[in-house]
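Novice: One structure is given below, represented as structure tokens, and several questions about it will come after.
Bear in mind these aren't lab numbers, they're just calculated from the coordinates by the rules spelled out. Bear in mind that the values here come from a model prediction, so they are computed numbers and not experimental data. Positions of Cβ are backbone-derived with ideal geometry, glycine not excepted, and every protein chain shown enters the neighbour counts.
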Amino acid sequence: MKITIRLIVSLVLVVALAVFAFSLYQVSNEKARLARDLERRSLILAESLQESITPLIQANAIARLNRIVEKFGNRERLKGIAVFDTQGIILTSTHQLKPQIAQPFPQAVNSVAENRSMGSFMTLGGQKMYIYTVPLFEEDDYAAGALTTFNDISYIDIRLREIWKDNILRFFTLSLLVVLSTMLVVRWSITGPIARLAEWMRELRTTKEEKVYPAVPPRGDVLEPLISEVTHLAKSLSMARAKAEEEVRLRLKSDSLWTSSSLKEYMRVELKGKKLFLISNREPYMHVKEGRTTKCIVPAGGLVTALDPVMRICDGIWIAHGSGDEDREFVDAHNKVRVPPEEPSYTLKRIWLTKEQEDGYYYGFSNEGLWPLCHITHTRPIFRLEDWICYQKVNELFAEALLEEISHEESPLILIQDYHLALLPFLVKQKRPDAKVALFWHIPWPNPESFGICPWRQEILIGMLGADLMSFHIQFFCNNFLDTVDRFLESQIDWEQFSVNRGGHATLVKPFPISVSYDHKVETEVATIHKDKRLLRECILKEIGIQAKYIGVGVDRIDYTKGIPERFRAIERFLEKYPEFVEEFMFIELGAPSRDHIRKYRELMSEVEETVEKINWRFQTKTWKPIVYLKAHHTHEVIDRYYRVADICMVTSLHDGMNLVAKEFIISRYDDDGVLILSQFAGASRELKDSVIVNPYDIEEMADAIKYALTLEPSERSDRMERMRSVVKEHNIYRWAGKLIAELSHVRLAVE
Ligand code: F6P
């Protein structure tokens with residue numbers, strides 16, 4: 001638009017200048033022509049009167065002169081006539097002129113003196129006139145006086161004004177034509193082709209069709225060279241994209257390595273730019289007060305470890321409970337904050353809960369009820385009616401927040417995480433049947449007998465079956481879930497497709513073993529920076545203040561499902577059984593306090609501390625102790641240092657959905673060294689077959705496993721690690737997300 005206005009303004013200015021110059025020329029020409037005409041007419045009149053007037057002057061016949069002057073002085077366009085003597089004094093003149101004529105009249109005096117006719121424009125009595133004087137001579141050439149005609153020239157002004165008026169009209173007509181033609185030309189030849197080109201390029205950028213590039217490129221007139229260049233560019237872009245899309249498709253089929261960029265590309269192709277909505281109880285970033293400052297921490301736990309990298313590349317919305325004591329200070333008016341703080345990549349929307357709601361829903365029903373119900377660790381679940389009421393209420397709160405976020409999204413993709421939000425799928429689908437909802441259950445699913453003790457088992461199952469895709473880490477949990485549904489709900493189970501049909505709605509039940517992120521580039525960089533493992537090891541030993549030949553490491557939330565006391569007892573037994581490792585082997589436990597408002601967890605924390613104290617007391621020497629217990633919230637960077645120097649890593653869960661510590665340890669070992677001792681009751685044991693698998697209840701076996709791991713041949717160690725690394729690298733979190741999202745987006749809804 002701006003260019004059209006600029007073009008029009010400059011063209012109109014040019015037209016204005018041209019019309020003005022032309023008008024000036026025309027006016028001055030016309031003025032000169034009219035003046036000449038006046039002069040001619042005055043001359044004719046003066047000459048025709050000359051003969052009759054001259055003798056009358058000589059005869060001083062003033063009365064007759066008067067009559068002639070009055071007779072001729074009334075002609076059209078003539079204001080009057082005057083006759084002067086040789087001194088410029090009026091002898092006679094038209095009646096009304098007399099008072100206005102100065103005497104002596106200079107033009108009459110000059111005309112007689114110079115003996116020639118003279119004409120000039122002047123104003124007399126406030127009127128503009130053309131005054132023409134002819135000298136009068138007697139027969140003997142003796143000067144007799146002068147005859148002057150006073151011509152009305154107002155018609156000249158009128159004529160000149162008309163010329164200006166006509167030309168102004170011409171200017172407006174021309175300007176209008178210029179404006180119209182400029183607009184048409186600009187539209188046809190510039191803005192039109194540009195708009196078509198832009199639309200064509202937009203289509204090219206966003207096209208969802210499987211064609212190489214949008215049909216015919218637009219025609220462009222003056223833009224033809226540009227269009228032809230852009231078309232070439234577009235073709236190359238389309239071809240590159242088609243290739244990338246083909247790669248994505250092939251990757252989906254062939255299971256080749258998924259990376260953050262391939263997931264990003266996959267999301268673009270498959271989801272066509274749709275946003276992802278992720279909902280969990282635990283938020284990925286918490287603002288907490290530490291002394292006088294506020295820190296933004298990443299909470300311990302597999303959920304965040306796994307899903308933060310996915311959200312970073314998908315730029316969706318993550319809705320979670322704002323549980324950090326400083327969280328409210330960092331959100332906007334919509335309770336949103338962009339995270340991670342150092343590189344904002346997606347939006348975290350925080351939900352606020354009252355202390356009572358948190359107690360009943362999180363500590364109570366979720367963690368004293370469902371957690372021990374699903375983990376077979378012989379910890380009795382506690383079901384309180386008030387907790388259940390809170391649990392329902394909070395699930396409704398999450399549903400409200402989510403429904404608000406998706407209100408403008410068509411068929412949104414929703415990933416709900418974990419046992420805190422079992423009722424959410426049903427609540428959402430009730431209001432938005434077009435939404436595609438997956439519920440990922442991060443913990444195990446027990447057999448029907450175990451689950452059956454929950455007083456609200458049916459309500460929970462109905463809530464979960466609101467999801468279109470219900471996923472667990474391993475097939476075994478899927479089977480347990482289907483058995484449980486079969487046992488407690490009126491429904492149809494398809495054991496071939498692994499789906500539940502209930503009330504016209506189908507829920508697919510599938511395993512998606514969760515994982516960690518793997519980025520070859522990052523790994524290469526880290527490997528270059530920390531290539532000297534020996535230095536890092538010395539540094540860590542110095543920090544701890546203990547000397548040892550072998551280092552074992554454990555990383556856990558302090559939770560009774562993790563088998564921490566069992567692990568320590570196994571270390572005690574190992575030192576008892578293999579005393580040659582006393583002062584040689586040291587175990588570092590990085591334990592993050594968790595759920596400490598629950599009695600069982602507080603008891604566990606005391607038990608862990610007492611066990612460490614007891615074992616250390618029994619074996620420690622002046623410069624060595626067997627267990628270093630670092631109880632704190634450790635960042636991923638800190639944990640990674642310990643992983644990289646450890647000879648063994650122990651994951652001894654009594655029951656665990658997956659356990660990502662096992663996978664994190666493996667992925668951090670770019671040196672292909674280190675041995676993983678892994679509980680057979682952790683979901684990870686299904687994939688990490690080259691770990692040393694143990695039964696955490698069997699202390700004797702675990703003690704031997706430590707010995708076995710520490711004395712493995714280096715080549716055997718690296719072979720095992722290499723194989724496990726290729727499993728985790730391939731089955732990384734991007735693959736998990738890609739596969740899960742693909743499954744969900746291909747779900748066919750009853751409303752479609
Ligand atoms: O692994 C199960 C899980 O509940 C995850 O969802 C979560 O990351 C982790 O345990 C930590 O639990 P919490 O959020 O209660 O600290």
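Novice: What dipole magnitude, in Debye to the nearest 20, does segment 450-576 give about its Cα centre under +1 on Lys/Arg Cβ and -1 on Asp/Glu Cβ?
Specialist: Working: 16 positive and 18 negative charges, 128 e Å.
Roughly 620 debye for segment 450-576.
Novice: While we're on this one: Among HIS746, HIS408, HIS442, HIS634, rank each residue by its count of other Cβ atoms within 10 Å, from fewest to most, as a rough exposure measure. List each step's numbers first, then the result.
Specialist: Values: HIS746 11, HIS408 7, HIS442 25, HIS634 17.
Final ranking by Cβ density, sparse to dense: HIS408, HIS746, HIS634, HIS442.
Novice: What is the order of THR293, THR191, fewest Cβ neighbours within 10 Å to most? Write out the running numbers ahead of the final one.
Specialist: Working: THR293 8, THR191 15.
Going from least to most buried by this count: THR293, THR191.
Novice: With angles folded into 0 to 90 degrees, how steeply does helix 385-405 sit against the dominant principal axis of the chain? Use alpha carbons for both and round to 10.
Specialist: Helix 385-405 sits roughly 30 degrees off the main axis of the chain.
Novice: Oh, and also: Taking neighbour counts of Cβ atoms within 10 Å as a proxy for exposure, in what order, fewest first, do GLU409, GLU589 appear? Working shown, then result.
Specialist: Working: GLU409 16, GLU589 23.
Least crowded to most crowded, the residues run GLU409, GLU589.
Novice: In segment 300-394, which GluC sites (Glu not before Pro) fall in coil by DSSP and have 11 or fewer other Cβ atoms within 10 Å? Don't skip to the end; give the middle numbers.
Specialist: Details: sites: GLU326, GLU329, GLU342, GLU356, GLU358, GLU368, GLU386; in loops: GLU326, GLU342.
Passing sites in segment 300-394 are GLU342.
Novice: Name the residue farthest towards the positive end of the dipole of the chain from the options PHE426, GLN492, GLN357, assuming +1 on Cβ of Lys and Arg, -1 on Cβ of Asp and Glu, about the Cα centre.
Specialist: Positive-end residue among those listed: PHE426.
Novice: Hey, what angle do you get for helix 636-645 against the long axis of the chain, alpha-carbon based, 0 to 90 degrees rounded to 10?
Specialist: Roughly 50 degrees, rounded to the nearest 10.
Novice: Another question, if that's okay. Please give the FRET efficiency for LYS295 paired with ARG534, using the beta carbon to beta carbon distance and R0 = 35 Å, rounded to the nearest 0.05. Working shown, then result.
Specialist: Working: r = 32 Å, r/R0 = 0.93.
Calculated transfer efficiency: 0.60.
Novice: Given bins 5 angstrom wide, list per bin the percent of all Cα-Cα distances in segment 285-410, short to long.
Specialist: Taking all Cα pairs of segment 285-410, the binned fractions are 2, 10, 16, 19, 20, 16, 11, 5, 1, 0 percent.
Novice: What translational diffusion coefficient, in µm²/s and rounded to a whole number, does the Stokes-Einstein relation yield for the chain at 25 °C and a viscosity of 0.890 mPa s, taking the hydrodynamic radius as the Kirkwood radius over Cα pairs?
Specialist: Details: Rh = 34.2 Å.
Using the Kirkwood radius from Cα pairs, D works out to 72 µm²/s.
Novice: Hey, another quick one. Sort 511-520, 614-623, 567-576, 101-110 by the packing proxy (mean of other Cβ within 10 Å over each peptide's residues), most packed first.
Specialist: Numbers: 511-520: 20.8, 614-623: 13.3, 567-576: 22.4, 101-110: 17.5.
Highest-to-lowest ranking by the protection proxy: 567-576, 511-520, 101-110, 614-623.
Novice: Would you mind computing, in nm to one decimal, how far apart the modelled labels at ALA61 and ARG380 are, each placed 7 Å from Cα along Cα→Cβ?
Specialist: Spacing of the two 7 Å Cα→Cβ label points: 15.8 nm.
Novice: Percent relative contact order of segment 402-515, based on C-alpha pairs within less than 8 angstrom and at least six residues apart?
Specialist: Values: 205 pairs, mean separation 27.2, N = 114.
Averaging sequence separation for qualifying contacts and normalising by length gives 24 percent for segment 402-515.
Novice: A further question follows. Extending each Cα 7 Å along its Cβ direction at PHE20 and ALA32, get the distance between those two points in nm, one decimal.
Specialist: Modelled inter-label distance: 2.2 nm.
Novice: How tilted is helix 733-745 with respect to the longest principal axis of the chain? Cα atoms for both, answer in degrees (0 to 90, nearest 10).
Specialist: 70
Novice: Still on this structure, please answer the following. So what's the convex hull volume per residue for the Cα atoms of segment 652-752, in Å³?
Specialist: In segment 652-752, the Cα convex hull volume per residue is 97 Å³.
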